[in-house]
Amino acid sequence: MKIVFYAILLVHGLIHLMGFAKAFSLASLEELSHSISKPFGIIWLITTILFLVTFIMLITNGNGWWIAGLAAIILSQIIIISTWSDAKWGTLANIIILIPVVMGYFQNRSDSFKNRFESIVQEQLATQHQPELLSKADMEHLPPVVQKYLEYTNVIGKPKVHNFSATLTGEMKLGQDKPWLNIISRQYNFYKKRSRTFYIESKMFGIPFDGLHSYLEDEAVMEIKVGSIFSVADARGDLMTKSETVTLFNDMCIFAPATLIDPTIDWKEVDALTAEATFSNAGHEIKALLFFNEKGQLVDFSSNDRYESADGKAYKNYQWTTPVKDYRGLNGQNIPAYGEAIWHYPDGPFVYAKFNIEAVDYNVTEYRGISD
């Protein structure tokens with residue numbers, strides 16, 4: 001779909017050279033029956049240049065490409081109206097190009113999800129402090145199986161984690177009978193004052209949509225928009241915040257195991273390979289079971305305190321698990337490279353997300369966007 005749009009943009013822009021060529025007698029063009037003055041021929045040339053600038057800015061991820069695109073469309077449509085009998089079909093190309101231009105405008109507004117994501121993260125990054133090193137004494141209160149996990153992940157002797165950023169790719173489903181959608185996301189978690197900010201991008205039938213999950217202070221919110229314009233989900237309230245409290249703790253277990261030394265977490269040893277944790281935040285208490293293998297790797301996480309909601313209005317409670325595997329070293333720590341998110345419905349499990357952990361950075365001091 002993107003390649004088709006680029007082709008339309010490029011070809012439509014180059015076609016405007018015909019008017020410039022005719023105005024300056026550079027070519028005999030029978031397709032254009034109207035006479036074109038030289039000043040108006042310059043406008044045809046400027047229109048071509050604006051479309052080419054739009055094309056170049058798009059493929060190089062330049063900010064403000066939609067401004068050049070909108071200017072090109074306006075000039076192009078003026079040209080088309082002035083030569084309607086010859087160029088009327090160019091209106092269709094302008095309409096096709098206008099749709100992404102409008103979406104580009106909304107994506108670059110200060111209240112767009114991407115800009116709000118950056119604003120939230122930048123504000124939290126403004127408060128920094130020098131982390132201490134994590135020692136064995138810091139984890140003496142943990143069950144043996146959790147201590148073994150921290151040893152395996154290689155966090156001992158490393159700086160304690162006060163924040164992290166992660167980049168994920170993968171697939172997700174919006175329903176059991178829905179197709180898999182490719183996704184890319186970036187998130188930032190902070191632990192001095194616990195927070196989680198998660199931005200995700202995807203496409204459905206070629207139409208882009210993005211989402212922003214934010215857990216700040218005592219409220220969690222999940223918002224999703226199609227084309228950065230039309231809201232399709234806005235989940236908030238106590239059940240949403242409790243659900244995201246589970247997610248917040250899940251992130252600690254998978255992405256930042258060093259944070260599990262937090263003395264406010266209540267641990268219970270279930271058996272040699274299983275531990276139960278009680279975690280509280282923003283007045284919400286959740287429980288989770290952590291399952292490990294003989295190597296000390298976390299292999300699954302399970303909680304009954306998370307609620308499913310497709311639209312933010314109706315909530316249903318199901319068991320939620322996140323099996324993980326394929327451990328590898330990232331920035332000196334061993335963490336899983338692959339994970340799944342599963343709802344356990346009465347009629348069987350539903351794998352709704354598959355994630356590849358592409359990058360994790362700890363104690364970050366600078367903002368990096370999703371495309372960096």
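Of the chymotrypsin sites (Phe, Trp or Tyr not before Pro) found in the stretch 182-234, those that fall in a DSSP loop while having at most 16 other beta-carbon atoms within 10 Å are F205.
Taking the fewest neighbouring Cβ atoms within 10 Å as the starting point, the ordered list for F279, F20 is F20, F279. When only Cα pairs below 8 angstrom with a gap of at least 6 residues are kept, the chain shows a relative contact order of 13 percent.
Calculated [222 nm] ellipticity per residue, helices only, for the chain: -10500 deg cm²/dmol; basis is -39500 (n - 2.57) per DSSP H run with n ≥ 4, divided by all residues, nearest 500. Here W89, W84, W320 are placed in order of increasing Cβ neighbour count within 10 Å, fewest first, which gives W89, W84, W320. Loop sites by DSSP among the GluC sites (Glu not before Pro) of the chain, restricted to those with at most 15 other Cβ atoms within 10 angstrom, leave 32-131 as the longest stretch without any of them. Listed from fewest to most Cβ neighbours within 10 Å, the set M252, M222 follows the order M222, M252. Dipole size of the chain about its Cα centre, with +1 on Lys/Arg Cβ and -1 on Asp/Glu Cβ: approximately 1000 debye, rounded to the nearest 20.
Here the Karplus curve 6.51 cos²θ - 1.76 cosθ + 1.60, taken at θ = phi - 60°, turns the phi angles of the stretch 344-353 into couplings of 9, 6, x, 8, x, x, 10, 7, 9, 8 Hz, with x standing for Gly and Pro. Taking amide H atoms as placed 1.01 Å from N in the peptide plane, the amide H of G237 lies under 5 Å from those of A220, each 5 or more residues away in sequence or on another chain. Ranking T322, C253, L174 by Cα position along the charge dipole of the stretch 130-362, where only Lys, Arg, Asp and Glu carry charges on their C-beta atoms, puts L174 farthest toward the positive end. Could you state the number of Å between the C-alpha centres of the stretch 152-197 and the stretch 286-325? The two parts, judged by their Cα centres, are 14 Å apart. Between the stretch 102-137 and the stretch 5-61, what is the separation of their alpha carbon centroids in Å? Measuring centre to centre over Cα atoms gives 42 Å.
Quick note: the coordinates plus some simple rules give every number you see, no bench work behind them. Source: prediction; values computed, not measured. FYI the Cβ positions are ideal-geometry reconstructions off the backbone, even for glycines, and counts take in every protein chain you see.
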